[in-house]
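Report on one structure; see the data block that follows.
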Amino acid sequence: MGSGTTDVPALTSALGKRIAADGYHLLTGAGAGVMAGVSRGFFECKKRLGLVIGIVPGSIDLERSPRYQPKTGYPNQWVELPIYTHLPLSGVQGQDTLSRNHVNILSSDVIVVLPGGPGTASELELARRYGKTVFELNDLTQLDSLFARIHGALDALRK
């Protein structure tokens, strides 16, 4: 989880590649910024088993055709399995019941939080509310220790 507008390429590329190389799937909010950066790093990993999954915000307008519209710019080009929702809200409204953030958090085994803004803060709060294991990543020197903790958390979930 992280910024939908600003990427941190050195961080997101390394994280995406590591998630892929370790044999996991990647689930993001399917947008730009950190979401696109991690998705690209994951997608470009040659030896991967998992998929880039994106939870896409959208809306339904009964007066328009087509009636369903994903939010402009979604999903990013690296999403392989888009999950389209009718949930339009994000950012400061990220904890609202009409936000896809609930789906993002509830569908994840562990949450990795990268730099972001109000939407990221709402995802972090939802993760705490739903009792999810959360890890923060702010620089590459933490990557190896982060994955040691992720592996431990996932092993505990499987027991």
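A few notes on this one:
- Backbone amide hydrogens, once placed in the peptide plane, bring Gly58 within less than 5 Å of Lys71, Thr85, Leu87, excluding anything fewer than 5 places away on its chain.
- In range of the label at Asp61: residues from the stretch 72-100 whose backbone nitrogen is under 16 Å from the point 7 Å along Cα→Cβ: 72-74, 86-89
- Close Lys pairs in the chain, defined as Cα atoms under 26 Å apart and 8 or more places apart or on different chains, number 4.
- Largest first and in whole Å, the equivalent-ellipsoid semi-axes of the stretch 1-141 read 24, 18, 13, each the square root of five times a Cα gyration tensor eigenvalue.
- Cα gyration tensor category, rounded, prolate or oblate, for the stretch 26-93 with a/c compared to 1.5: prolate
- Taking trypsin sites (Lys or Arg not before Pro) across the stretch 37-131, the ones in a DSSP loop with at most 14 further Cβ atoms lying within 10 angstrom of their Cβ are Lys46, Lys47, Arg64, Arg67.
- Label positions at Ile83 and Gln69, each projected 7 Å from the Cα along the C-beta direction, are separated by 2.5 nm.
- Global form of the stretch 1-51, assessed from the alpha-carbon gyration tensor, a/c cut-off 1.5: prolate
- Extension gain, Gln95 back to Asp139 (0.36 nm per residue minus Cα-Cα distance, nm): 13.2 nm
- Viscosity 0.890 mPa s, temperature 25 °C, Stokes-Einstein D of the stretch 64-159 from Kirkwood C-alpha radius, µm²/s: 162
- Packing-based ranking, highest mean first, of 112-120, 140-148 given that Cβ atoms within 10 Å are counted: 112-120, 140-148
Laboratory data are not the source of any read-out in this text; all were calculated from the coordinates shown. Computed from a predicted structure; not experimentally measured. Note that each Cβ is placed from the backbone with ideal geometry, even for glycine, and that neighbours are counted across all protein chains shown.
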